[in-house]
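Asker: Here it is, the structure, as structure tokens.
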Amino acid sequence: MMKRLCLIPLLTLSAQALDYPYVTAEPQKAGWPLTPEERAYVMKPEFERRPGSEQHKHLPPMWPVTPSAGNWGGTSWIDTHERLVDYVKANSGPIDVLLVGDSITQQWGSPLDKGVLNESWKKHFSNYKTINIGIGGDKAQNVLWRLDHGGVEGLQPKVVIVMIGNNNMFFAPETGVEAAAKGAQMCVVNVREKFPQAEVIAAKILPCHAPGNAFYENLKKTNTALDTLKLDSDPKVHILDLWNDFANADGTIKQPLFTPDNIHLSLEGYAVYAERLKPLLDQFLGGKGLGGEVIIPAKKRPKL
């Protein structure tokens, strides 16, 4: 059954499960571990599980707002998610910061680096007990699925930082930028529902590539569409707009802040991001963390 895609009223959240605008044929809508039926379902290529596929309908505006497990071929994506679930379970309870997103989030640090964070996070936030569930390549719908399938169960974060939407730009010609913005909105709604006491920092998508590039232009339009959703009408949601920190006055990206792919951030880029985060985290956490280690479990991958 499909419902009309509309603005989700953040101020009326409750402890009930989210009411997504489309209900797929997925056998297990939430929870972990997965049933055999659910595991078989998510092993299908993602395009075979898109909203409308079970009715032979093409409904791209529903894609970003409907939870969907990712798939890199074989079991690699679900294995990465399972690794995160196990790590979250092993570190359940109160934490200072939960990081949610794709590889821009993931690359704050990785277990492949033996838990060593890049210098920006260490410099500013090493006193904050942090769990990072960023996975490279994730779109909004993949984050939604992970949040609902054990990805944050048992955590009690004081602050949640969400940045998502870059990878949805690959599909923006089909979904439209409004749907991509609503996917990011739905991720914020999801973490607000799960962590009603937490402060949520919703970071808008960073620029990448160059003006005139379709990907760049759709990113910019998606951020504009996100503004119309007024996420910060909820006093617990705080918008972080980093566009002008990473783009010059003529719209070109500030090259030293990016790696050669013009997408991912350099250490200098993360330092700029950290400087913008620091006042918010100091405000919400009083400049003091729980005193625990920083926990960065995400598997590093080269793609966003």
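The values are calculated or read from the model by the stated rules, or taken from the named source; none is laboratory data. On a predicted model such as this, the values are computed, not experimentally measured, just so you know. Cβ: placed from backbone, ideal geometry, glycine included. Neighbour counts: every protein chain shown.
Asker: Please count how many residues of segment 136-145 are touching a strand residue (DSSP E or B) at 6+ places or on another chain (Cβ under 9 Å) and either surrounded by fewer than 23 Cβ atoms within 10 Å (Cβ to Cβ) or at pLDDT below 95 (or both). Before the answer, list the steps.
Answerer: Step one: filter segment 136-145 for residues touching a strand residue (DSSP E or B) at 6+ places or on another chain (Cβ under 9 Å), giving 138, 143.
Next, only the ones that are either surrounded by fewer than 23 Cβ atoms within 10 Å (Cβ to Cβ) or at pLDDT below 95 (or both) stay: none.
The total comes to 0.
Asker: Check PRO260 against each of (1) surrounded by fewer than 20 Cβ atoms within 10 Å (Cβ to Cβ); (2) farther than 21 Å from ILE104 by Cα and name the one condition it does not meet.
Answerer: (2)
Asker: Between PRO196, PRO211, which is surrounded by fewer than 18 Cβ atoms within 10 Å (Cβ to Cβ) and under 19 Å from LEU18 (Cα atoms)?
Answerer: Numbers: PRO211 fails: under 19 Å from LEU18 (Cα atoms).
Testing whether each residue is surrounded by fewer than 18 Cβ atoms within 10 Å (Cβ to Cβ) and under 19 Å from LEU18 (Cα atoms) leaves just PRO196.
Asker: Moving on to the next point. Only one residue in ASP148, ASP96, ASP79 is of a type in the set (Asp, Glu), farther than 20 Å from LYS204 by Cβ, at pLDDT 90 or above and in contact with a strand residue (DSSP E or B) (Cβ under 6 Å, 6 or more places away or on another chain). Which one?
Answerer: Numbers: ASP148 fails: in contact with a strand residue (DSSP E or B) (Cβ under 6 Å, 6 or more places away or on another chain); ASP79 fails: in contact with a strand residue (DSSP E or B) (Cβ under 6 Å, 6 or more places away or on another chain).
So the residue among ASP148, ASP96, ASP79 that is of a type in the set (Asp, Glu), farther than 20 Å from LYS204 by Cβ, at pLDDT 90 or above and in contact with a strand residue (DSSP E or B) (Cβ under 6 Å, 6 or more places away or on another chain) is ASP96.
Asker: Let me ask something additional. Of all residues in segment 257-290, how many are under 19 Å from ILE95 (Cα atoms) and outside any helix (DSSP H, G or I)?
Answerer: 5
Asker: For segment 234-256, check the following and say yes or no: at least one residue is of a type outside the set (Ser, Thr, Tyr), within 17 Å of ASN167 (Cβ to Cβ) and touching a residue at least 40 places away in the same chain (Cβ under 8 Å). So that I can check it myself, show each step before the final result.
Answerer: Start the filter on segment 234-256 by keeping residues that are of a type outside the set (Ser, Thr, Tyr), which leaves 234-251, 253-256.
Right, trim to within 17 Å of ASN167 (Cβ to Cβ) and you get none.
Checked against the condition, which is being of a type outside the set (Ser, Thr, Tyr), within 17 Å of ASN167 (Cβ to Cβ) and touching a residue at least 40 places away in the same chain (Cβ under 8 Å), segment 234-256 yields no hits at all.
Asker: I need the full set of residues from segment 87-102 which are more than 20 Å from LYS123 (Cβ to Cβ) and surrounded by fewer than 24 Cβ atoms within 10 Å (Cβ to Cβ), in order please.
Answerer: If the condition is that a residue be more than 20 Å from LYS123 (Cβ to Cβ) and surrounded by fewer than 24 Cβ atoms within 10 Å (Cβ to Cβ), then TYR87, VAL88, LYS89, ALA90, ASN91, SER92, GLY93, PRO94 are the ones that fit.
Asker: Follow-up. Condition (residue is touching a residue at least 12 places away in the same chain (Cβ under 8 Å), under 22 Å from TYR270 (Cβ atoms) and in a loop (DSSP other than H, G, I, E, B)) applied to segment 209-229: is it met by at least one residue?
Answerer: Yes, segment 209-229 contains at least one residue that is touching a residue at least 12 places away in the same chain (Cβ under 8 Å), under 22 Å from TYR270 (Cβ atoms) and in a loop (DSSP other than H, G, I, E, B).
Asker: Sticking with this one: Within segment 171-178, can one find any residue that is buried (at least 21 other Cβ atoms within 10 Å of the Cβ), in contact with a helix residue (DSSP H, G or I) (Cβ under 6 Å, 6 or more places away or on another chain), touching a residue at least 60 places away in the same chain (Cβ under 8 Å) and among the hydrophobic types (A, V, I, L, M, F, W, C)?
Answerer: At the first step, the residues of segment 171-178 found to be buried (at least 21 other Cβ atoms within 10 Å of the Cβ) are 172, 175, 177.
With in contact with a helix residue (DSSP H, G or I) (Cβ under 6 Å, 6 or more places away or on another chain) added as a condition, the list becomes 172, 175, 177.
With touching a residue at least 60 places away in the same chain (Cβ under 8 Å) added as a condition, the list becomes 175.
Checking which are among the hydrophobic types (A, V, I, L, M, F, W, C) leaves us with none.
No, that holds for no residue.
Asker: Would you confirm whether or not segment 96-104 contains a residue that is outside any loop (DSSP other than H, G, I, E, B) and either on the phi > 0 side of the Ramachandran plot or of a type in the set (Phe, Trp, Tyr) (or both)? Break it down into steps so the answer makes sense when it comes.
Answerer: Our first condition is that a residue be outside any loop (DSSP other than H, G, I, E, B); within segment 96-104, this holds for 96-101, 103-104.
Now restrict to residues that are either on the phi > 0 side of the Ramachandran plot or of a type in the set (Phe, Trp, Tyr) (or both): 101.
Yes, that holds for at least one residue.
Asker: Of the residues that sit in segment 214-239 and are among the small types (Gly, Ala, Ser) and surrounded by fewer than 17 Cβ atoms within 10 Å (Cβ to Cβ), which one is nearest to PRO61 (Cα to Cα)? If you could, list the steps in order and put the result at the bottom.
Answerer: Keep residues of segment 214-239 that are among the small types (Gly, Ala, Ser), which gives 214, 225, 233.
Pick out the ones that are also surrounded by fewer than 17 Cβ atoms within 10 Å (Cβ to Cβ) and you get 214, 233.
Values: ALA214: 19, SER233: 24 Å.
My answer is ALA214.
Asker: Has segment 139-155 got any residue that is farther than 25 Å from TYR22 by Cα, touching a residue at least 24 places away in the same chain (Cβ under 8 Å) and either touching a Gly at 6+ places or on another chain (Cβ under 9 Å) or not charged (D, E, K, R) (or both)? It would help to see each step written out before you state the result.
Answerer: Kept after step one, since they are farther than 25 Å from TYR22 by Cα, are these residues of segment 139-155: 154-155.
Now restrict to residues that are touching a residue at least 24 places away in the same chain (Cβ under 8 Å): 154-155.
Subsequent filtering for residues that are either touching a Gly at 6+ places or on another chain (Cβ under 9 Å) or not charged (D, E, K, R) (or both) retains 154-155.
There is at least one residue in segment 139-155 that is farther than 25 Å from TYR22 by Cα, touching a residue at least 24 places away in the same chain (Cβ under 8 Å) and either touching a Gly at 6+ places or on another chain (Cβ under 9 Å) or not charged (D, E, K, R) (or both).
Asker: A further question follows. Output the number of residues of segment 54-79 satisfying the condition of being closer than 27 Å to LEU226 by Cβ and either assigned to a helix (DSSP H, G or I) or among the β-branched types (Val, Ile, Thr) (or both).
Answerer: Result for segment 54-79: 8.
Asker: Given GLU26, GLU48, which one is at pLDDT 95 or above, in a helix (DSSP H, G or I) and under 19 Å from HIS149 (Cβ atoms)? Can you show your working first?
Answerer: Working: GLU26 fails: in a helix (DSSP H, G or I).
Of the residues listed, the single one that is at pLDDT 95 or above, in a helix (DSSP H, G or I) and under 19 Å from HIS149 (Cβ atoms) is GLU48.
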